[in-house]
1. Any residue in region 112-127 that is in contact with a Lys or Arg (Cβ under 8 Å, 6 or more places away or on another chain), under 16 Å from Tyr173 (Cβ atoms) and not basic (Lys, Arg)?
2. Name the single residue that is nearest to the chain's Cα centre (by Cα) among those in region 7-39 being of a type outside the set (Asp, Glu) and closer than 13 Å to Thr219 by Cα.
3. On the given criteria, is Ala51 at pLDDT 95 or above, assigned to a strand (DSSP E or B) and farther than 27 Å from Gly196 by Cα?
4. Of the residues Val122, Val75, Val94, only one is over 13 Å from Leu177 (Cβ atoms), among the hydrophobic types (A, V, I, L, M, F, W, C) and out of contact with any Cys (no Cβ under 8 Å at 6 or more places or on another chain); which?
5. Where in region 85-185 are there strands (runs of 3 or more DSSP E), lying wholly inside it, with at least 2 residues that are in contact (Cβ under 8 Å) with a residue 24 or more places away in the chain and of a type in the set (S, T, N, Q)?
6. Within region 198-228, how many residues are surrounded by fewer than 20 Cβ atoms within 10 Å (Cβ to Cβ) and out of contact with any strand residue (DSSP E or B) (no Cβ under 6 Å at 6 or more places or on another chain)?
7. Applying the selection to region 210-232, what residues are under 17 Å from Thr24 (Cα atoms) and either of a type in the set (Val, Ile, Thr) or outside any helix (DSSP H, G or I) (or both)?
8. Please determine, by comparing only the residues of region 8-47 that are charged (D, E, K, R) and either modelled with pLDDT of 95 or more or touching a strand residue (DSSP E or B) at 6+ places or on another chain (Cβ under 7 Å) (or both), which one is farthest from Ala242 (Cα to Cα).
Amino acid sequence: MNIVGLDEIVFGVDDIAGCTQFLTDYGLAPVGAGEHGGRFEALDGTAVVIARADDSTLPPALPTGCMLRKTVMGVADAATLAAIADELGRDRVVKQLANGAIETVDDSGFVIGFQISVRKDVITPGELSNAPGAALQRAVNHLGVDVDAVIRPRTLSHIVYFVPDVKKAEAFYVERLGFRCTDRFAELGPFIQPAGTLDHHSHFLIGMPAHMQGVEHFTFHFAGPSEVMQHGNRFLEKGYQAFWGPGRHILGSNWFWYFNSPFGCHIEMDADMDLHDDSWEPRVTNVGADTSQAFLLQYRKKWAPGPGCPENGAYA
């Protein structure tokens, strides 16, 4: 199955205005957004979609009240879309939607959709760095920092599900949709990757009691660690609350910074995730502070050395 990754995630919310402001401050571009919700896009066209919780066009909510209503995956071509419809149609209803997409429910009860991917190429350079002894990356006289830079998410990266039966959930995505496990926390569950991408994962499945079924977090890729740091700092300055980070994961290697969100889950900013092909052997590790991150940094407000900086008590 040539599934290339996540195309959009859909939420039913009560506070349209608050969610709109949050997603815009995160860096997503509103498309057709208004008092009833709308679409908020990354540079490549992948998106978060919000609508009022009582919108009759939304799929029903999970019994737990999770705000996520649907996860839409992009596929490479019409043949893949037809193959998925045939495969999943063997044992469940697969709806054909007016826009050509299909919709059904996975084995854990999450509504999922598939469409020919909306992703478009992002023709802008990623973050470059120069290291002594290595080939030049960032050109001579090309500055590495722009304090006025416009920072936007590049593409929808991954989503993390809380699932009541992690083995059943994994089997559905692996056996029915052609995903594969790239790494695993033994006590929690697998990171899984669809066949059409090299990204370390598009989904992380965590086994949790049924009454907790829902979403832990979702995230978009940024251009590099400096963007995560700079944009995360701006996010804090706008009054949003950090949850975890900044730091760098071990499984996936991505830089991360997690924040609380109005969607009943966390949202992450990430960058520089590992890429894996079929030759990669999945790792299995126990979960813990030493295996969930290589390092974790502590945020503090900006300061400068010397008596001219009142925030620096050491020089007062």
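The values are calculated or read from the model by the stated rules, or taken from the named source; none is laboratory data. In this text the structure is predicted, and so the values were computed from the model without any measurement. Every residue, glycine as well, gets a Cβ built from its backbone with ideal geometry; the counts of neighbours run over all protein chains shown.
1. Checked against the condition, which is being in contact with a Lys or Arg (Cβ under 8 Å, 6 or more places away or on another chain), under 16 Å from Tyr173 (Cβ atoms) and not basic (Lys, Arg), region 112-127 yields at least one hit.
2. Result: Ile9.
3. Yes; evaluated as a whole, the condition is true for this residue.
4. Val122
5. 155-163
6. Of the residues in region 198-228, 4 are surrounded by fewer than 20 Cβ atoms within 10 Å (Cβ to Cβ) and out of contact with any strand residue (DSSP E or B) (no Cβ under 6 Å at 6 or more places or on another chain).
7. Phe218, Thr219, Phe220, His221, Phe222, Val228
8. Asp44
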